Each structure stands twice: as C-alpha cells, then as structure tokens.
1. Can you find a residue in segment 186-206 that is farther than 26 Å from residue 67 by Cβ and out of contact with any Asp or Glu (no Cβ under 6 Å at 6 or more places or on another chain)?
2. What number of residues in segment 96-109 are open to solvent by 50 Å² or more (accessible area, probe 1.4 Å) and either of a type in the set (S, T, N, Q) or assigned to a loop (DSSP other than H, G, I, E, B) (or both)?
3. Restricting attention to segment 43-66, which residues are part of a loop (DSSP other than H, G, I, E, B) and farther than 14 Å from residue 200 by Cα?
4. If you check residue 144 against the conditions, is it open to solvent by less than 30 Å² (accessible area, probe 1.4 Å), charged (D, E, K, R), on the phi < 0 side of the Ramachandran plot and at pLDDT 95 or above?
5. Checking the structure you have, find out if any residue of segment 67-89 is over 29 Å from residue 40 (Cα atoms) and in contact (Cβ under 8 Å) with a residue 24 or more places away in the chain.
6. Which count do you get for residues in segment 67-83 that are in a helix (DSSP H, G or I) and polar (S, T, N, Q)?
7. Out of everything in segment 153-208 that is of a type in the set (Phe, Trp, Tyr) and without any contact (Cβ under 8 Å) to a residue 60 or more places away in the chain, what residue ends up being least open to solvent (accessible area, probe 1.4 Å)?
8. Failed condition for residue 21, given (1) open to solvent by 80 Å² or more (accessible area, probe 1.4 Å); (2) at pLDDT below 95, with all others met?
Amino acid sequence: SRSCACGETETREVPALGHNYEDGVCTECGHVRNPFVDVPEGEWYYEPVLWAVENGITNGTDATHFDPNGNCMRAVVVTFLWRAAGSPEPKTTENPFVDVLETDYFYKAVLWAVENGITNGMSADHFGPTAECNRAQVVTFLWRAKGSPKSETEVTFTDVQAGQFYTDAVAWAVENGITNGISATAFGVDGICNRAQVVTFLYRTYVK
C-alpha cells in the first residue's frame with residue numbers, strides 16, 4: 001500500500017518477480033537453486049529433485065544433502081504423492097491405524113491415500129509407515145492416484161505375472177515413460193525405491 005499527502009491510501013497487488021537464475025543463483029533474491037552437494041548437475045534425478053524441492057514436495061535431509069540413495073518408507077511415499085497432488089484435505093477424520101498419530105507429518109497424507117483407494121494398511125489397524133516401498137508398490141500408488149488408467153502396453157517382464165496387484169500399474173508406467181525395467185526382461189518388482197527414484201517417478205507423472 002501507499003499513502004498520499006491528501007490522506008488517501010491505495011493498496012494494489014504487485015506480481016511476484018519470480019526467480020531469475022544465473023549459474024544456479026537467483027539474481028533477484030539470492031536463492032540457490034541447488035543447495036545439495038549430493039545432487040550433481042547431469043544426474044538423471046537432478047531436475048526431478050529440484051522440482052520436488054521447489055514445489056514443496058520434499059526437502060533435503062539437511063541443508064546441503066538430499067540423500068538420493070536413501071530408501072523410501074510407506075509414510076514418505078504417500079506424503080510425497082499427497083503433496084504432489086496439492087496436499088488435499090482428507091474428507092474423513094476416521095483413523096483406524098494405531099501407528100498413525102494425528103501429530104505425525106504423514107497423518108493427512110495417509111488418510112487421503114486410504115480414502116482415495118491409493119493404498120490400504122498392512123493390516124486392519126496398522127498402516128506400516130516405516131516399511132520400505134518397492135518398485136511395484138510405488139508405481140501402483142502412482143497409477144491409482146491417476147485413476148487407474150487402462151494401458152495398451154503388453155508387459156513382457158519375467159517378474160511381472162498376470163493378475164498381480166501391480167500388473168496394470170507396471171504396464172501403465174512403462175507406456176507413459178515413468179520407468180522401465182531394471183533390464184530388458186525384468187522390472188525389478190521387489191527392488192526398494194530410493195528418494196531419487198520416487199521423486200523422479202513423480203516428476204515424470206505430474207510434469208513430463
């Protein structure tokens with residue numbers, strides 16, 4: 001706002017300047033685009049990590065480390081997914097899980113994921129927030145979050161059998177360039193996903 005000598009006050013919105021990066025540093029505010037010493041430019045996860053941080057999906061594990069190789073737990077994956085979806089408020093306040101407390105950072109993310117059919121608990125009263133997520137689970141969470149779309153791709157991986165909970169999700173992920181197999185013949189369904197892989201899958205789902 002600004003005031004005139006006559007006593008009148010005018011208030012108006014000023015558009016955000018946005019960042020203007022030169023050599024990774026914003027000339028407008030001094031923000032460092034990539035503060036992480038373990039996320040070097042040129043790595044396949046470089047842009048996904050920066051996108052995730054800039055959009056509030058995740059931070060580093062400290063001010064200068066992202067920990068791209070750190071394994072992702074169920075609580076972390078659903079929280080990343082919830083934030084990528086815009087952090088929607090859950091419609092329900094009913095929480096059946098004894099291992100999910102209202103004070104937990106993942107509380108709303110878990111309720112949202114369950115009510116939208118993205119995942120259930122590991123039992124009726126346990127969500128299993130600290131259980132690590134494998135590739136089959138992560139692509140299935142993503143696929144369900146996108147509405148379980150049909151795929152025209154035929155899966156030929158030897159470790160992806162017909163009728164599994166992840167079969168259609170894997171086909172969708174490959175068809176849409178979200179991830180390929182770990183080799184020409186194997187998807188690697190049991191491989192534990194790390195932080196770099198999860199944010200890359202999210203980036204390819206919501207951006208590319």
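1. No, there is no match, as no residue in segment 186-206 is farther than 26 Å from residue 67 by Cβ and out of contact with any Asp or Glu (no Cβ under 6 Å at 6 or more places or on another chain).
2. Matching residues across segment 96-109 total 6.
3. 56, 59, 60, 61, 63, 64
4. Judged against the criteria, residue 144 is not a match.
5. yes
6. 1
7. 187
8. If we test residue 21 against (1) open to solvent by 80 Å² or more (accessible area, probe 1.4 Å); (2) at pLDDT below 95, just (1) comes out false.
The values are calculated or read from the model by the stated rules, or taken from the named source; none is laboratory data. Values in this document were obtained by computation on a predicted structure and should not be read as measured data. Neighbour counts are summed over all protein chains in view; Cβ atoms, including those assigned to glycine, are modelled from backbone coordinates with ideal geometry. Heads up: the accessible areas ignore ligands, DNA and RNA and are worked out on the full protein's heavy atoms, side chains in. Shrake-Rupley method; radii C 1.70, N 1.55, O 1.52, S 1.80 Å.
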